[in-house]
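Scroll down for the structure; my scribbles are underneath it.
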Amino acid sequence: MRYLVVVTILWAFSFSLIGQYLAGKVDSDFAVLIRVLIALAIFLPFTAWRKLPSALIRGFWLAGALQFGVTY
């Protein structure tokens, strides 16, 4: 739960940084891609995929893709 709170705060803070410092200077799609790649690089080592069934992992990826697609 602690990780979720930290990620939520960082994610929300990054929106204001992008809006204030990068708007008009960097393509918005590129900024989103960089945000997602940085988050992936930071949090991928904390995952424990080997202990979960493959159907559950596919469901997580599908839910994440749908959330990402609906958001953007």
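TYR72 - would you say it is among the aromatic types (Phe, Trp, Tyr) and modelled with pLDDT under 75? Before you say what the answer is, go through the steps one by one.
On the way: among the aromatic types (Phe, Trp, Tyr): yes; modelled with pLDDT under 75: yes.
Yes, satisfied.
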Subset tally (residues that are open to solvent by 80 Å² or more (accessible area, probe 1.4 Å) and over 20 Å from VAL5 (Cβ atoms)) for the stretch 61-72: 6
Residue selected from the stretch 1-26 under the condition open to solvent by less than 90 Å² (accessible area, probe 1.4 Å) and not in a helix (DSSP H, G or I), by the criterion modelled with the lowest pLDDT: ALA23
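Go through PRO53, PRO45 for me and flag whichever is surrounded by fewer than 10 Cβ atoms within 10 Å (Cβ to Cβ), within 20 Å of MET1 (Cα to Cα) and modelled with pLDDT of 80 or more. Show your work before the answer.
Working: PRO53 fails: within 20 Å of MET1 (Cα to Cα).
Every option except PRO45 fails the conditions.
The values are calculated or read from the model by the stated rules, or taken from the named source; none is laboratory data. As the structure is a computational prediction, the values presented were derived from the model and not from experiment. FYI the Cβ positions are ideal-geometry reconstructions off the backbone, even for glycines, and counts take in every protein chain you see. All accessible areas refer to the heavy atoms of the entire protein, side chains included, with ligands and DNA or RNA removed. Shrake-Rupley method; radii C 1.70, N 1.55, O 1.52, S 1.80 Å.
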